[in-house]
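Let me begin by presenting the structure, written as structure tokens, before commenting on it.
The values are calculated or read from the model by the stated rules, or taken from the named source; none is laboratory data. Keep in mind the model is a prediction, meaning the values are calculated, not measured. In this analysis, Cβ positions are derived from the backbone assuming ideal geometry, glycine residues included, and neighbour counts consider all displayed protein chains. Just so you know, the surface numbers come from the protein's heavy atoms only, side chains and all, with ligands and any DNA or RNA stripped out. Shrake-Rupley method; radii C 1.70, N 1.55, O 1.52, S 1.80 Å.
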Amino acid sequence: MKKLFKSIVIVSLTILVLGFSNEVFAGNKDRSGQAGATELLINPWAATSGWGNAGMSTVHGVDAMWGNVAGITATNSIDLNFSYTSWLKGSEVNMFSFGFLARVSESVVAGLYVMSFSPGEIYKTTTENPDMTLGTFKPSMMNINIALAKSFSNSIHAGFVLKIINESISDMVGTGVALDAGIQYVAGITDNIHFGITLKNIGPTMKFGGDGITFKANPESFFGSSLTVIHRTDKFELPTQLNIAAAYDFNFDAGYRLTVAGNFTSNSFSKDQVTLGLEGSLKDYLVLRAGYTVENGIWGDIETDECTNVNTGLSLGASVQAPLGDKMKVSIDYSFRETKHWNGTHSVGARIIF
């Protein structure tokens, strides 16, 4: 255990230090826009999105299936979570998520969550009819996630998530699979020191197919006969991501807690990020969160090449929790993520914990 703890600390410190260098902190901006299924990078849960990605080492419950799957091992019996997100409010882009966890043995927890991303209606146009008189269509993006995690001791927890990815319009569809893996390590006399490592969205390339990439052709040699020609579509990679996080709990009398957390995110297809956050708990009845994410160029003008993120970096959130009976607890969650345009991203969720 001591060797594992030292390894986690060494790896975490090394990557965090490298992250602040100009070369690594800039990330892979030259590959921006080359990945697909980027909705996998959006946190759909209202509780944890309130302090950005800062809580990757402490996340638990259904939220952990997106953040760090090792955290689902904190589930006592059953955990249900419902969440709605208005992405870039005013753009009519919405996300709906539902998930549940269940303890299947003394050390193993299994879970499932479904996320549906709806970009709204888009007008149909063609080269012959560019004036949007052909009606509309609705793209659909849905991810089904199956999680399993195990506690190897009181300090070490690990797990993985299998993701089934589906993106479609009326006449085209793309399907893929990906895998997340995460580990959490807890230390300290009161278990108040947390470390976490997560590798996300590892999987084969995806591509689209269907009638939408076909057209009718009439070669002269066929004397009026028509052929259906299929365009070849390029494959695209998934947005792989590595997160290394740490947190420290300041536990006070009467059940009050203040957690200071940080996370370094290495993105394969965009700039690397560092997130710092605070979470304060008042006897678990009221939880307040704040986080700030920094990346190269985030403070610049969105109209320039340096700034490639519509988010400004600020995240705020709160949860109100109430016990119902001896074992059941209900929580209402809210988060706000500030953006340069539109009116921010708002998430509202409800949790039922047994």
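Details
- Selection of first residues in the stretch 88-100 that are polar (S, T, N, Q) and of second residues that are not in a strand (DSSP E or B), restricted to Cβ pairs under 6 Å at least 6 apart or on distinct chains, gives the following pairs, ordered by first then second residue: Ser91/Trp342; Ser97/Pro44.
- Scan the stretch 250-282 for residues that are charged (D, E, K, R) and part of a strand (DSSP E or B) and the total you get is 2.
- Yes/no for Arg337 being touching a strand residue (DSSP E or B) at 6+ places or on another chain (Cβ under 7 Å), more than 30 Å from Val104 (Cα to Cα) and modelled with pLDDT of 95 or more: yes
- Within the stretch 331-354, considering residues that are open to solvent by 40 Å² or more (accessible area, probe 1.4 Å) and hydrophobic (A, V, I, L, M, F, W, C), the one nearest to Glu295 (Cα to Cα): Phe336
- Scanning the stretch 283-293 for residues that are in a strand (DSSP E or B) and either crowded, with 17+ Cβ neighbours inside 10 Å or touching a helix residue (DSSP H, G or I) at 6+ places or on another chain (Cβ under 8 Å) (or both) yields Val287, Arg289, Ala290, Gly291, Tyr292, Thr293.
- Test for Lys200: is it surrounded by 14 or more Cβ atoms within 10 Å (Cβ to Cβ), closer than 26 Å to Thr259 by Cβ and either modelled with pLDDT of 95 or more or touching a Ser or Thr at 6+ places or on another chain (Cβ under 8 Å) (or both): yes
- Residue within the stretch 6-23 that is over 28 Å from Asn296 (Cβ atoms), among the hydroxyl-bearing types (Ser, Thr, Tyr), at pLDDT below 95 and not in a loop (DSSP other than H, G, I, E, B) present: yes
- Among (1) in contact (Cβ under 8 Å) with a residue 24 or more places away in the chain; (2) under 19 Å from Ala35 (Cβ atoms), the one test that Ile164 misses: (1)
- Only a single criterion out of (1) surrounded by 15 or more Cβ atoms within 10 Å (Cβ to Cβ); (2) of a type in the set (Phe, Trp, Tyr); (3) in contact with a Leu (Cβ under 7 Å, 6 or more places away or on another chain) is not satisfied by Tyr248, namely (3).
- Residues located in the stretch 172-190, provided they are more than 30 Å from Asp211 (Cβ to Cβ), open to solvent by 60 Å² or more (accessible area, probe 1.4 Å) and modelled with pLDDT of 95 or more: Leu179
- The test for being in a loop (DSSP other than H, G, I, E, B) and either farther than 24 Å from Ile78 by Cα or not hydroxyl-bearing (Ser, Thr, Tyr) (or both) holds for Glu306.
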